[in-house]
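Here the structure comes first, spelled out in structure tokens, and everything after it is commentary.
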Amino acid sequence: MARYKYINGKRLKLTSEEEAKRDIEEKEFKDGAFDRAIADLRKERNKLLAETDYLALSDNTMTDEMKDYRQKLRDLTKGLTTEKKVKAKKFPTKP
């Protein structure tokens, strides 16, 4: 399927070199989908851990439920090898 670009309001067909370059860009973007998805998951996970970090200070006694919650957050990314698995992952419920 032909692809086009717009220059000064005119629709122009991409050259074969531009098509090849675009194919490479699209492949690189697709190949990076897992990395982007896992980075987003880790960002949210780290935010949730940070919200409970104060409970891990030495002057607090953390409940077993909270310890379990924080461990589940830390283990959240284990075994994730595809973008589909990352997007299907659910966060544990905070006690």
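The values are calculated or read from the model by the stated rules, or taken from the named source; none is laboratory data. As the structure is a prediction and not an experimental result, all values here were calculated from the model. Don't worry about glycine lacking a Cβ; one is built from the backbone with ideal geometry, like all the others, and counts go over all protein chains shown. All accessible areas refer to the heavy atoms of the entire protein, side chains included, with ligands and DNA or RNA removed. Shrake-Rupley method; radii C 1.70, N 1.55, O 1.52, S 1.80 Å.
Hey, any hits in region 21-31 for a residue that's under 26 Å from K89 (Cα atoms), touching a residue at least 12 places away in the same chain (Cβ under 8 Å) and of a type in the set (F, W, Y)? The answer is no; no qualifying residue exists. Entry remark, region 83-95: residues being not in a loop (DSSP other than H, G, I, E, B) and not hydrophobic (A, V, I, L, M, F, W, C) number 4 in total.
Restricting to region 13-35, count the residues that are of a type in the set (D, E, K, R) and touching a helix residue (DSSP H, G or I) at 6+ places or on another chain (Cβ under 8 Å).
Applying the first criterion (of a type in the set (D, E, K, R)) to region 13-35 yields 13, 17-19, 21-23, 25-28, 30-31, 35.
With the extra rule that they be touching a helix residue (DSSP H, G or I) at 6+ places or on another chain (Cβ under 8 Å), the set shrinks to none.
Total satisfying the criteria: 0.
Among residues that are touching a residue at least 40 places away in the same chain (Cβ under 8 Å) and not β-branched (V, I, T), L57 is not included.
Scanning region 59-82 for residues that are in a loop (DSSP other than H, G, I, E, B) and either at negative phi or modelled with pLDDT of 95 or more (or both) returns D59, N60, T61, M62, T63, D75, L76, T77, K78, L80, T81, T82. In region 1-58, the residue that is most open to solvent (accessible area, probe 1.4 Å) out of those that are in contact with a Phe, Trp or Tyr (Cβ under 8 Å, 6 or more places away or on another chain), assigned to a helix (DSSP H, G or I) and at pLDDT 95 or above is E44.
Going by the conditions given, is K72 open to solvent by 70 Å² or more (accessible area, probe 1.4 Å), without any contact (Cβ under 8 Å) to a residue 24 or more places away in the chain and under 17 Å from the mean Cα position of the chain (by Cα)? No, not satisfied.
Tell me the residue from T77, T63, T82 that is touching a Pro at 6+ places or on another chain (Cβ under 8 Å) and β-branched (V, I, T), please.
On the way: T77 fails: touching a Pro at 6+ places or on another chain (Cβ under 8 Å); T82 fails: touching a Pro at 6+ places or on another chain (Cβ under 8 Å).
The unique qualifying residue is T63.
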